[in-house]
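Below is one structure, written out as structure tokens; the observations come after it.
The values are calculated or read from the model by the stated rules, or taken from the named source; none is laboratory data. Quick caveat: nothing in here was measured; it's all calculated off a predicted structure. Here the Cβ positions follow ideal geometry from the backbone for every residue, glycine too, while neighbour counts run over all protein chains shown. Each accessible area value is taken on the protein alone, full model and side chains, heavy atoms only, with ligands, DNA and RNA left out. Shrake-Rupley method; radii C 1.70, N 1.55, O 1.52, S 1.80 Å.
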Amino acid sequence: MMAASSSKKIITLGSPGGGWSRPKKICIESETGLSLLARLETRPNLTGLDPILFPSGLQPGEIVQLTGHPGSGKSLMILHLTVSVLLPKTWKGIYLNGCEAGVIFVACNSDLNIWQLENMLKKKVSIIVKCCKSALKIDGNDKSKQDRISCADEFKTFLQLSKEVMKEEISKLVRQCLKNFIFLKCADSGQFAITLSSIDMYFQDNKNVSLVAVDSISAFYWWDNKFRGGTWYLTEQYYNKIFETFVSHIKKYKVAFIFARQTLFRKNRQGNKRQRFSEGGGEPEKSDKDYEFLGKEWAKSVTFKINLSILKCPVLSINQDIGSEFSHGESSECADVTKGKKAMS
């Protein structure tokens, strides 16, 4: 059992004189030296995480919410962002455009397929190597060449290796990246609540961790609603207590947070009354809005809201609050991104 890194003690002070006055309560927070060092140290930044979704990168303490119906690609998007965080910025004379940081991955729905994550890392590095090899053939100082290759001599030396040795070098890089990957499996609601409340202990022991990912944060909602809350209001209050502690850890240690959240409810057209979402009932119309069922403490903490939906169009278009659209290869997904002090979907 992990020991608490910080504690709060409430002291009640009476009136200084002989007269009566309302007692004052002062909250004194204490923390260990290890916790203080972990909080003050600078962690790897996530400025180059994904220039399409986050043009200015993810800042410390920002929270990203991924929503969408089953099969829309929430888990795959989290793995895609995880790969970008784990990879280094440069390697063998080429730019991998990674963040070279650590990730804490909390799995709730199912076990993480570590082989899939390993293959995604290898595939991305192999694709970048292939693109840089083509850029190397360009004569002169072309911009695309400068953006891809940091040291041409080092990269040429790497290309002289045999295919087997090159694959082995890529495998060594992937294994090195996975050393910064921490996997936490929550099998029930109790483990999930304890993990979120005590996650600050992992920040103290792993000073290179810059991202926490949860898939998904609403995995135990129906169980909590049935056996812990009993009513919608009590369930929201239960989540408010957990998230208040968890968000304070995220802000305190300056770590970014990305999570997937299932679409369980939606607002009906007549008003704000919640309506349970039926997976077999098809996609809701654009006028319907996703209902925030995790409580006010959670809703007000979210910085980015990304909604993934399956469309027939062959591109991934990003609609931001400035009204711009970007293309990101061929895909059957569409992401609506909103950022603000209080992001609204």
- prompt: Would it be correct to say that Asn206 is open to solvent by 20 Å² or more (accessible area, probe 1.4 Å) and closer than 22 Å to Pro60 by Cβ?
  reply: yes
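Just checking, how many residues over region 117-129 are touching a residue at least 12 places away in the same chain (Cβ under 8 Å) and open to solvent by 70 Å² or more (accessible area, probe 1.4 Å)? Full working, then the answer.
Initial filter on region 117-129 (touching a residue at least 12 places away in the same chain (Cβ under 8 Å)): 117-118, 120-122, 124-126, 128-129.
From what's left, open to solvent by 70 Å² or more (accessible area, probe 1.4 Å): none.
Residues that pass the stated criteria total 0.
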message: Looking at region 88-107, I want the residues that are closer than 17 Å to Leu211 by Cβ and have a partner that is among the acidic types (Asp, Glu) and modelled with pLDDT under 95 with Cβ atoms under 8 Å, at least 6 apart or on another chain. Which pairs are those?
response: Pro88/Glu100; Lys89/Glu100; Phe105/Asp215; Val106/Asp215; Ala107/Asp215
task: Enumerate the pairs (first residue in region 140-161 and touching a residue at least 24 places away in the same chain (Cβ under 8 Å) and farther than 18 Å from Ile127 by Cα; second residue anywhere and open to solvent by 70 Å² or more (accessible area, probe 1.4 Å) and not in a helix (DSSP H, G or I)) with beta-carbon separation below 7 Å, excluding pairs fewer than 6 apart on the same chain, so at least 6 apart or on different chains.
output: none
- request: Given the conditions (1) within 15 Å of the chain's Cα centre (by Cα); (2) surrounded by fewer than 17 Cβ atoms within 10 Å (Cβ to Cβ), report the number of the one that Ile199 does not fulfil.
  value: (2)
message: I'd like to check something: does region 45-54 contain any residue that is surrounded by fewer than 21 Cβ atoms within 10 Å (Cβ to Cβ) and aromatic (Phe, Trp, Tyr)?
response: no
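For region 134-150, how many residues meet the condition of being surrounded by 10 or more Cβ atoms within 10 Å (Cβ to Cβ) and more than 32 Å from the chain's Cα centre (by Cα)?
Here is the first cut: in region 134-150, the ones surrounded by 10 or more Cβ atoms within 10 Å (Cβ to Cβ) are 134-136, 138, 142, 144-150.
Filter once more, keeping what is more than 32 Å from the chain's Cα centre (by Cα): 134-136, 138, 142.
The number of residues fulfilling the criteria is 5.
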Considering residues of region 86-96 that are touching an Asp or Glu at 6+ places or on another chain (Cβ under 9 Å) and in a loop (DSSP other than H, G, I, E, B) only, the residue nearest to Gln146 (Cα to Cα): Gly93
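Kindly indicate whether Leu112 is outside any helix (DSSP H, G or I) and open to solvent by less than 70 Å² (accessible area, probe 1.4 Å).
On the way: outside any helix (DSSP H, G or I): yes; open to solvent by less than 70 Å² (accessible area, probe 1.4 Å): yes.
Yes.
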